[in-house]
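Let me begin by presenting the structure, written as structure tokens, before commenting on it.
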Amino acid sequence: MKKILAVVSMLVAFILILTACYGNSSQSSSTSSSSSQSSTVTSSNNSSTPLSPNASAFDTTKNISILAREDGSGTKTAFMELIGLKGKADPENVIIQTGTAGILTEVKGNPNAIAYESLGYVTNDVKMLKVDGVEATVANIKNGTYKISRPLSIVYKEATLNNDINKAYYVFLQSSDAQTIISGEGYVSIADNALAYKINGSLQGSIDISGSTSLQPLMTELAAAFEKLQPNIDVTVSGGGSGTGYKNADEGVSEFGMISEEFSLEKAPSCTDYVVCKDGIAVIINKNNPLDSILVSDLKNIYDIEAGSSAITKWNALIK
């Protein structure tokens, strides 16, 4: 009986030892697995892979999707003129978009798109390119280093400002009231530290302004705001182009002429000018496109219908 009890005791002890060993092994295995899992997560969290496709994922062999604004757009007219294609037709296979919203939506969704739009309306949904190495910023447009921009000005005889009504409108154009409208319409205000306009209730009369169709829409907005402040003054704004603006101001047909270029004294010898604002146009692409900068000459070869063998049609001509 004692021998049997001894054997049983030995078996129980052996089982307990095996159980303890197995438990430690299982725990060690579990710990190892947990450690391995933790290592994997850490590696994933520290990954340097960007959320959006990188340069190597962009297919540079694809054709460039050329976007343009509709005919009659002031932005289109200005852009084509600034890159040396004034009056030329759009290239073949161009995608025409009406309005800013259409341009931005297409560029956002089309990885191969290139387009242009007034700087003030560009959103973070697209990527702005440097042009000739210069960023499209308000500061660079003000200092003249960003080349796809131009002044929008009025021309006038200095004697014109001897009239209190004309002088009042001239002062209004430099006021903070006007700068708010200018910036709100997507143009670049150049009048820093502008003061609020002071209303003169005794003024009564009319002002005629004519010329550049690029400045005309903004000037119409400014004139309407001025008339609210000075309800006894009527301001008439009409187009005709910069040539008309020079001519009418020089000949005294209009109190102010509108031009959308650098002032040329030869075109209006009796006049001087005032820059109302600057119009900056950004070149935009899809955010997944790795290109950062483009030359004006390259833009011309993209948008020129007559570029011939110099035409740039694929992204690999720009992205090496």
query = Considering only the other residues whose Cβ falls under 15 Å of the Cβ of ASP132, what net charge follows from Lys and Arg at +1 and Asp and Glu at -1?
reply = 0
task = With all protein chains present, calculate the accessible area of SER153 using a 1.4 Å probe and round the result to the nearest 10 Å².
result = 0
ask   = Looking only at Cα atoms, what is the convex hull volume of segment 58-201 per residue, in Å³?
value = 157
inquiry  = Let me check something: with ligands and nucleic acids excluded, how do ASP90, ASP234, ASP71 order by accessible area (1.4 Å probe), largest to smallest?
reply    = ASP71, ASP234, ASP90
task = Please say if segment 63-145 is rounded, prolate or oblate, where rounded means a/c under 1.5 for a ≥ b ≥ c the square roots of the C-alpha gyration tensor eigenvalues, and otherwise the choice is prolate for a/b larger than b/c and oblate otherwise?
result = oblate
query = If ILE66, ILE305, ILE181 are ordered by their accessible area, calculated over protein heavy atoms with a 1.4 Å probe, which sequence runs from highest to lowest?
reply = ILE305, ILE181, ILE66
query = What is the pair-distance distribution P(r) of segment 233-305, computed from all Cα-Cα distances in 10 Å bins starting at 0, with each bin given as a whole percent?
reply = 15, 33, 21, 21, 10, 1
note = Percent relative contact order for segment 106-233, counting Cα pairs under 8 Å at least six residues apart, stands at 22
Cα centroid of segment 269-320 to Cα centroid of segment 90-162, whole Å = 10
query = Using the scaling law 2.2 N^0.38 Å as the reference, what is the normalised Cα Rg of segment 182-320?
reply = 1.43
key: Shape call, segment 208-251: gyration tensor on alpha carbons, a/c limit 1.5   = oblate
task = Would you mind calculating the gained length between ASN93 and SER264 on full extension (0.36 nm times residue separation, minus the Cα-Cα distance), in nm to one decimal?
result = 57.8 nm
remark   = Cross-link reach from LYS278 to aspartates and glutamates, straight Cα distance under 20 Å and at least 8 residues apart if same chain, gives GLU81, GLU117, ASP132, GLU135, ASP177, GLU185, ASP192, GLU221, GLU261, GLU262
ask   = Of GLU106, GLU221, which has the most accessible area and how do the rest follow, probe 1.4 Å?
value = GLU221, GLU106
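The values are calculated or read from the model by the stated rules, or taken from the named source; none is laboratory data. From a predicted model like this one, the values you see are computed outputs, not experimental measurements. Using ideal geometry, Cβ is built from the backbone for each residue, glycine included, and neighbour counts are taken over all protein chains shown. These area figures cover heavy atoms from the full protein model, side chains too; ligands, DNA and RNA do not enter into them. Shrake-Rupley method; radii C 1.70, N 1.55, O 1.52, S 1.80 Å.
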